[in-house]
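See structure below.
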Amino acid sequence: MTPERWFVRELAAFDPNLLAVWDEKKQRWVIREWDVQHGRDARTREGWMRKSSLVMTICYRDDRYHDIGYKPLDQRALDAVRIARFYSENEEVAAKEVDDNNERIERSLDADKELAAKDASIDAYRHFRTHTVGV
């Protein structure tokens with residue numbers, strides 16, 4: 001199986017050392033990067049496995065990052081390669097985004113805890129204000 005021409009051109013324009021190949025064992029498209037010089041022998045699976053390293057597997061993933069299905073080569077795959085390259089070259093940006101997101105989650109959890117405590121205190125107040133013994 002070979003990738004479409006437009007995808008190969010776009011990938012090569014982004015980085016000439018990247019290649020998209022169909023991995024028969026995984027039954028998925030993979031993006032790989034050449035580690036060493038390669039010739040015609042690299043067109044086989046054994047050739048590109050020896051002379052390149054895995055960048056990413058193109059597939060749908062669940063919330064635990066497990067492979068859950070086939071995903072075709074399209075613009076989303078190119079965008080994922082670009083985003084991965086950007087974050088690998090700009091670790092401080094990635095770390096700041098992770099920290100900002102963690103702070104946002106903590107604020108949200110704090111607000112949820114505060115709301116739950118408020119609800120519990122209202123319920124407790126109402127419970128103790130009502131008469132339990134008939135009048």
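The values are calculated or read from the model by the stated rules, or taken from the named source; none is laboratory data. Bear in mind the structure is a predicted one, so any value in this text is a computation, not a measurement. Counting neighbours? That spans all protein chains shown, and the Cβs are built from the backbone with ideal geometry, glycine included.
Within the range 44-64, the presence of a residue that is in a loop (DSSP other than H, G, I, E, B), modelled with pLDDT of 90 or more and more than 16 Å from the chain's Cα centre (by Cα) is excluded.
Annotation: residue 38 fulfils all but one of (1) assigned to a loop (DSSP other than H, G, I, E, B); (2) more than 20 Å from residue 70 (Cα to Cα); (3) at pLDDT 70 or above; the unmet one is (3). Kindly indicate whether residue 105 is closer than 28 Å to residue 16 by Cα, assigned to a helix (DSSP H, G or I) and either at pLDDT 85 or above or assigned by TED's automatic domain parsing to the domain that holds residue 59 (or both). It is false that residue 105 is closer than 28 Å to residue 16 by Cα, assigned to a helix (DSSP H, G or I) and either at pLDDT 85 or above or assigned by TED's automatic domain parsing to the domain that holds residue 59 (or both). Of all residues in the range 1-30, those satisfying the criterion of being of a type outside the set (Phe, Trp, Tyr), outside any loop (DSSP other than H, G, I, E, B) and out of contact with any Ser or Thr (no Cβ under 8 Å at 6 or more places or on another chain) are 5, 8, 9, 10, 11, 12, 13, 18, 20, 21. Among residues of the range 74-110 being hydrophobic (A, V, I, L, M, F, W, C) and closer than 15 Å to residue 10 by Cα, the one that is surrounded by the fewest Cβ atoms within 10 Å (Cβ to Cβ) is 83. Residue check: residue 104 meets all listed conditions (1) out of contact with any helix residue (DSSP H, G or I) (no Cβ under 9 Å at 6 or more places or on another chain); (2) within 29 Å of residue 25 (Cβ to Cβ); (3) among the basic types (Lys, Arg) but one, namely (2).
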